[in-house]
Each structure stands twice: as C-alpha cells, then as structure tokens.
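Q: If you scroll down you'll find the structure; I have some questions about it.
The values are calculated or read from the model by the stated rules, or taken from the named source; none is laboratory data. All of these numbers come straight from a predicted model, not from anything done at the bench. Cβ: placed from backbone, ideal geometry, glycine included. Neighbour counts: every protein chain shown. Quick note on the areas: whole protein, heavy atoms, side chains included, nothing else; ligands and nucleic acids left out. Shrake-Rupley method; radii C 1.70, N 1.55, O 1.52, S 1.80 Å.
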Amino acid sequence: MLESLYLNLGQHDALSEEEKGLLAGAMTVELDFATGQDIVSEGSRPVYSTLIIEGLAARYKVLEDGGRQFTSLQVPGDFVDLHVFLLKTMDHGIIALSPCRVIAADHSRLRAITEQAPHLTRLLWLDTLVDGAIHREWIVAMGRRSKTSHLAHLVCELFVRLQVVKQTNGMSFRLPLSQAELADVLGLSIVHMNRVIGALRRLGVIGWANHMVTILDWQRLVEIAEFDPTYLSMNREPR
C-alpha cells in the first residue's frame, strides 16, 4: 500500500526497514475520493497529512471571478499537504482529478518521527522542498516559456515522476485530465489548449488519445521543453 511512498522517498536516499515501519505506523485511515471532490479544502486545518496512493490530484486556487488555476499535479507517492503539519491552515485546495485513494498520516505520529528519526525527517523535509522546486518550475513555465514548450515540460515532468513510482508503461502514461482541466494547468482557453496539443502532435513528439500520453521522441520533447530534471533531486545520495 505504501510502495509508491517508499519509491518516492527512496529515489533520494535509501530507506531502512525501520524507517518504512515508522511511516507505516504513522498511517491511520484510508479514504476514497471521487473525481472533482476536494481531498483537502482551502482554509481547513487538517490534523493529518494526506498521501496519494492511487489516482491524480492537483493543488489549486480559485479567484473571486471564479477563475481557477492549478499550481501542481500530485501523483501516487506524493504527500499533498505535508507542509500543513507545520503551517496548520491550508491556503489552497487539493482536488481529485480522477478517482483517488489516499491514506492519512496523523500529525501526532509525524511529530514523533521528527523527534525519533532524524534521517527520515530529512527525507520528508526534502519531499516538501521538491514540492517548492516544482512550483518554481511551474512559475517559470507559466511566465516565460511558450505554451508549446510549457506543455512539453509538463509531459516530461509527469513522465519522470510517474516512472519513479512505476506508473508508466514503456513511454506511455495515463493522464486523466479533461481539456478544461488541462487548460487550467497551463492558464489557457480550451480552444488554445487544443492548438497547443495539436502542435506537439504535428511535431511528432507525442501521441495523445483516450487519456493516454505516449512519448514518441523523448530527446526532441526534452529539447522543446528545455527540460532539466535537476529540480526533482532524483540522484540517490546521503541526505
């Protein structure tokens, strides 16, 4: 059940069996969420942090005029709100973009980990730092990349993150987003979103059908995206 979390943290540094046991002991309850349902609501004060074990979710903010912006996508193995353990109040929402199964880590048990297991604490801290790095890349993509490059970067990022947690099939992965949801990721109209997807198809770098994305030319896609995975901190080394 926690294999995706072990894979996610284990890409940075080796996890001991004792550390895996501490993580398992922190988990209290499994929950299921339907597509479109809030997993964590803006303004809430959770007493646990939520780990995605199945499905796809997103962080989002809604403006007063009803406009919505996704600020990151969350995949299996991701804590969607580990930061709220210290921040206490959620300043954004987490929405299920597909049926999601999650498991909750009680904050009192996470606190015990920080007091008893310094190496595991550093890995969990690193997990929140990678979240911050992803947000920086998304800001750069939103502000400075062409929309074709932006979408290419998103595809590269998701492929690499999903590959770590064994959610890819060869060069393909499932992306269960509607055109409107994908438009909310890139900050585009639906019409413009369709044009951007079409541009990558015409370049021969991706295939996209029935929510399955297939990378046809990885090297060319990386070039279009100017993708450098350094921000994901994927080298395994002592932490």
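Q: What pairs come up if the first residue lies in the stretch 158-180 and is modelled with pLDDT of 95 or more, the second is among the hydroxyl-bearing types (Ser, Thr, Tyr) and assigned to a loop (DSSP other than H, G, I, E, B), and their beta carbons are under 9 Å apart, counting only those six or more places apart or on different chains?
A: Partner pairs satisfying both residue conditions: ARG174/SER98.
Q: Determine, yes or no, whether LEU22 is surrounded by 13 or more Cβ atoms within 10 Å (Cβ to Cβ), under 25 Å from PRO176 (Cβ atoms) and touching a residue at least 40 places away in the same chain (Cβ under 8 Å).
A: Considered against the rule, which asks whether it is surrounded by 13 or more Cβ atoms within 10 Å (Cβ to Cβ), under 25 Å from PRO176 (Cβ atoms) and touching a residue at least 40 places away in the same chain (Cβ under 8 Å), LEU22 comes out as no.
Q: Quick check on my filter: what residues within the stretch 61-94 are under 12 Å from the mean Cα position of the chain (by Cα), open to solvent by less than 30 Å² (accessible area, probe 1.4 Å) and either without any contact (Cβ under 8 Å) to a residue 12 or more places away in the chain or within 19 Å of ASP184 (Cβ to Cβ) (or both)?
A: PHE70, SER72, LEU73, GLN74, VAL75, ASP78, VAL80, ILE94
Q: Can you report the number of residues in the stretch 144-165 which are open to solvent by 20 Å² or more (accessible area, probe 1.4 Å) and more than 15 Å from GLU226 (Cα to Cα)?
A: 3
Q: Which ones in the stretch 23-65 are in contact with a Gly (Cβ under 6 Å, 6 or more places away or on another chain) and assigned to a strand (DSSP E or B)?
A: Once the filter is applied, which keeps residues that are in contact with a Gly (Cβ under 6 Å, 6 or more places away or on another chain) and assigned to a strand (DSSP E or B), the stretch 23-65 yields ASP38, TYR60.
Q: Right, another one. Being open to solvent by less than 50 Å² (accessible area, probe 1.4 Å), at pLDDT 95 or above and not aliphatic (A, V, I, L, M), is that true of even one residue in the stretch 52-60?
A: Yes: the stretch 52-60 contains one or more residues that are open to solvent by less than 50 Å² (accessible area, probe 1.4 Å), at pLDDT 95 or above and not aliphatic (A, V, I, L, M).
Q: A follow-up question, please. Out of ARG109, ARG101, ARG122, which single residue is surrounded by fewer than 19 Cβ atoms within 10 Å (Cβ to Cβ), modelled with pLDDT of 95 or more, farther than 24 Å from ARG161 by Cβ and among the basic types (Lys, Arg)?
A: ARG109
Q: Of everything in the stretch 166-189, what is under 14 Å from ALA58 (Cα atoms) and open to solvent by less than 30 Å² (accessible area, probe 1.4 Å)? Give them in sequence order.
A: LEU175, PRO176, LEU177, LEU182, ALA183, VAL185, LEU186
Q: When both residues are 6+ apart or on different chains and their Cβ atoms are under 9 Å apart, which pairs have a first residue that lies in the stretch 1-19 and is part of a loop (DSSP other than H, G, I, E, B), and a second that is surrounded by 17 or more Cβ atoms within 10 Å (Cβ to Cβ) and among the charged types (D, E, K, R)?
A: Qualifying pairs under 9 Å: LEU2/LYS20; HIS12/ASP127.
Q: Within the stretch 204-234, work out how many residues are surrounded by fewer than 16 Cβ atoms within 10 Å (Cβ to Cβ), in a loop (DSSP other than H, G, I, E, B) and either touching a helix residue (DSSP H, G or I) at 6+ places or on another chain (Cβ under 6 Å) or without any contact (Cβ under 8 Å) to a residue 40 or more places away in the chain (or both).
A: So the count comes out to 5.
Q: Is it the case that ALA141 is surrounded by fewer than 18 Cβ atoms within 10 Å (Cβ to Cβ), assigned to a helix (DSSP H, G or I), at pLDDT below 95 and hydrophobic (A, V, I, L, M, F, W, C)?
A: Criteria not met by ALA141.
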